[in-house]
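Chemist: Dropping the structure in here first, questions after.
Read the figures in this text as sums done on the coordinates, not as results from a lab. Predicted model only: the values in this text are computed from it and were never measured. Neighbour counts are summed over all protein chains in view; Cβ atoms, including those assigned to glycine, are modelled from backbone coordinates with ideal geometry.
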Amino acid sequence: MKIKFIGAAEGVTGSKHMIMTNSGKQFLLDCGLYQGMGKETDEMNRSLGVNPTEIEAVLLSHAHIDHSGNLPLLVKQGFKGKIYCTTATFDVCKILLMDSAHIHEGDVSFINKHRRKKGLPLIKPLYTIHDTEKCLKQFKPLNFNTEFYLNDELSFNFSENGHIIGSSAINITSHETEKKIKLSFTGDIGRYTDPILKSPSVFAKADYIICESTYGNRIHNTIEDSESEILKIVKNTCLDKKGKLIIPAFSLGRTQEILFLLNKLYNKKLLPEIKIFVDSPLSAKATQVVNKHHECFNDELKLYLKNDEDPFGFPNLKYIQDTSESIALNKIDDPCIIISASGMCDAGRVKHHLRNTISDSKNTVLITGYCAPKTLGAQLTNGKKRVHIFGDFFDVKATIEIMHSLSAHADYLEMIRYLSCQDKEKVKKIFLVHGEMEAKIAFREKLISEGYHNVIIPLKGESSVLS
Ligand SMILES: [Zn+2]
């Protein structure tokens, strides 16, 4: 068996790795979109780096677009095989991939309007809603921890990794030679203190591991701090300064975590009486999907449900669907909280809210997750004082707060804990992917000091024979 690193090898987004068996059969681990790579992003996404007609099947770790978002293009270009993932991942993909198709179609029709005026040739979207509907028909959801045989050569199972609802590590066994070879792909590793999800679980002892490394150089605040941290920010912005609190948040995962934090504060009668809006139709749908998959909930949340059957809802909360309602939020003078996508502030309605609030010092923007370099979220995180939004420059006068404790990615101590179920002597190689170079270098040093040998940082396009 051989592995080739195609995406998320030099950077965080665009997760895609190819497995080739000795008989030449090809399988993909993930097929994600590059995000936030500036002008080159579109070009990078249009080139899949594989021949889709030669791929037998895709094993998908989770529904995040940087892992699943280029599956419709793969299908459009001739991939006919199955896409294996967990049941919850399939439910989330139904909404995230359709949303992605809407964005691509919308962006292109906007661009083509201008091109048409200038007499330039029109461009085509990366993929359409029709391509995505076709792609979703090729999904084959499977249960966690159940061995599935792809053919005589390979079998695999999904194990829980606590990153988002339905997310999994993929544990592959090669039966090609007498001595079985085990390869585990961690996917994105979650937290042991996730307020909603079960903790990452142990996985069978592997010979080779492809491990993410997003926070290979960071230790997060503990999750217990989040409630008091967010309450302090809400009070400071909405009570003391009478301003608006804008929370850019991923529709899936982060939005529900924030709602759960606010719900707990509400139940403790600590939440000030202010209006709270979730301004994203996608976030509303995502909350419904999360609420459907109680099998992924941790024991504490299951217990919480006995006293409050809707952990993501409370009286002051309103979901905004229509664009006109979203625009009307700009006119509200009263203090309020607006939770809106995207989390990296590079798309979606949150950009309009930032445009409207960022230059007023009474407001606060709360960044709650990882922002890829070059995104507006990363610029705000890095303290940039003037930012470009929809064609205009704005002075950043609002307070920028950053809460890392809500991260869906494990820090390096949690990743080391996740790997601790392994036999350090037996692991032949650990390949570090899905991280900026400095995080990978730091994490490699940590792993070596823990006793792992052969920790490799593969370059894009690099292959390795697993024997
Ligand atoms: Zn992810």
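Chemist: Where nothing but the Cβ of Lys and Arg (+1) and of Asp and Glu (-1) is charged, how large is the charge dipole of the chain around its Cα centre, in debye to the nearest 20? Mind showing how you got there, number by number?
Modeler: Details: 60 positive and 56 negative charges, 229 e Å.
Computed about the Cα centre, the dipole is about 1100 debye.
Chemist: When ranked by the protection proxy of mean other Cβ atoms within 10 Å per residue, highest first, what sequence do the peptides 316-328, 235-247 form? Each step should come with its number before you reach the end.
Modeler: Working: 316-328: 13.9, 235-247: 19.8.
Those peptides, ordered most packed to least, come out 235-247, 316-328.
Chemist: How big is the antiparallel share of DSSP beta bridges in the range 354-416, given as a percent to the nearest 5? Could you put the intermediate results ahead of the total?
Modeler: On the way: 4 of 8 bridges.
Of all bridge pairs located within the range 354-416, approximately 50 percent are antiparallel.
Chemist: Out of the GluC sites (Glu not before Pro) in the range 386-467, which ones are loop residues according to DSSP with at most 11 other C-beta atoms within 10 Å? It would help to have the intermediate numbers written out before the result.
Modeler: On the way: sites: Glu401, Glu414, Glu425, Glu436, Glu438, Glu445, Glu450, Glu462; in loops: Glu425, Glu436, Glu462.
In loop regions of the range 386-467 (DSSP not H, G, I, E or B), the sparsely surrounded GluC sites (Glu not before Pro) are Glu425.
Chemist: If we sort 156-163, 71-78 on the protection proxy, mean other Cβ atoms within 10 Å, highest first, what's the order? Don't skip to the answer; put the middle values down first.
Modeler: Working: 156-163: 23.9, 71-78: 21.9.
Descending mean neighbour count gives 156-163, 71-78.
Chemist: Another question, if that's okay. Please report the relative contact order for the chain, taking Cα pairs under 8 Å with a sequence separation of at least 6, and give it as a percent rounded to a whole number.
Modeler: Working: 1010 pairs, mean separation 89.3, N = 467.
The normalised contact order for the chain reaches 19 percent.
Chemist: Relative to the longest principal axis of the C-alpha atoms of the chain, give the angle of the C-alpha long axis of helix 254-267, reported between 0 and 90° and rounded to the nearest 10°.
Modeler: On a 0 to 90 degree scale, this one is about 50.
Chemist: Pull out a ≥ b ≥ c, the square roots of the eigenvalues of the alpha-carbon gyration tensor of the range 296-452, then state rounded if a/c is under 1.5, prolate if not and a/b is larger than b/c, and oblate in the remaining case. List each step's numbers first, then the result.
Modeler: Details: a/c = 3.09, a/b = 1.52, b/c = 2.04.
In terms of gyration-tensor shape, oblate.
Chemist: Nearest 5 is fine: what % of DSSP beta bridges in the range 225-406 come out antiparallel, could you say?
Modeler: On the way: 4 of 23 bridges.
Percent antiparallel among DSSP bridges in the range 225-406 is about 15.
Chemist: Using only Cα atoms, figure out Rg for the chain and give it as a multiple of 2.2 N^0.38 Å.
Modeler: Relative to the 2.2 N^0.38 Å estimate, the chain comes out at 0.97.
Chemist: Still on this structure: How large is the convex hull of the Cα atoms of the range 206-324 per residue, expressed in Å³ as a whole number?
Modeler: Working: hull volume 19.9 nm³, N = 119.
Convex hull of Cα atoms, per residue: 167 Å³.
Chemist: Share of antiparallel DSSP beta bridges in the chain, in percent to the nearest 5? Display every interim value, and only then the final one.
Modeler: Numbers: 32 of 72 bridges.
So the antiparallel bridges in the chain amount to around 45 percent.
Chemist: Another question about this same structure. Determine the shape class of the range 27-91: with a ≥ b ≥ c the square roots of the Cα gyration tensor eigenvalues, call it rounded for a/c under 1.5, and otherwise prolate if a/b is greater than b/c, oblate otherwise. Before the final figure, lay out the partial values.
Modeler: Values: a/c = 2.47, a/b = 1.25, b/c = 1.99.
Taking the square roots of the gyration eigenvalues as a ≥ b ≥ c, the range 27-91 is oblate.
Chemist: Please identify the GluC sites (Glu not before Pro) of the range 267-314 that satisfy two criteria: DSSP loop assignment and at most 15 other Cβ atoms within 10 Å. Which are they?
Modeler: Glu273, Glu309
Chemist: Need the C-alpha centroid separation for the range 1-48 versus the range 337-385, integer Å.
Modeler: 28
Chemist: To continue, here is another question. Would you compute, from DSSP H runs of 4+ residues alone, the mean residue ellipticity of the chain at 222 nm, taking -39500 (n - 2.57) per run and dividing by the full residue count, rounded to the nearest 500? All intermediate terms of the calculation are to be shown ahead of the outcome.
Modeler: On the way: 14 runs with 141 residues, N = 467.
That comes out to -9000 deg cm²/dmol.
Chemist: Separate question: Going through the range 1-106, which chymotrypsin sites (Phe, Trp or Tyr not before Pro) have at most 12 other Cβ atoms within 10 Å and a DSSP loop state?
Modeler: Details: sites: Phe5, Phe27, Tyr34, Phe79, Tyr84, Phe90; in loops: Tyr34, Phe79.
Of the chymotrypsin sites (Phe, Trp or Tyr not before Pro), not one in the loops of the range 1-106 has a Cβ with at most 12 other Cβ atoms within 10 Å.
Chemist: Same structure again: Enter the angle in degrees (range 0 to 90, nearest 10) between the Cα long axis of helix 437-450 and the first principal axis of the Cα atoms of the chain, meaning the one along which they spread out most.
Modeler: 60
Chemist: Short version: ³J(HN,Hα) in whole Hz for each residue of the range 327-342, in order, from phi by Karplus 6.51 cos²θ - 1.76 cosθ + 1.60 (θ = phi - 60°), x for Gly and Pro, what are they?
Modeler: Values per residue, Gly and Pro as x: 5, 4, 4, 4, 8, 5, 8, 5, x, 7, 10, 10, 9, 8, 9, 8 Hz.
Chemist: First measure r as the distance between the Cβ atoms of Asp240 and Glu438, then evaluate 1/(1 + (r/R0)^6) with R0 = 45 Å and state the FRET efficiency to the nearest 0.05. Kindly include the intermediate steps, with their values, before the conclusion.
Modeler: Working: r = 37 Å, r/R0 = 0.83.
Efficiency at R0 = 45 Å is approximately 0.75.
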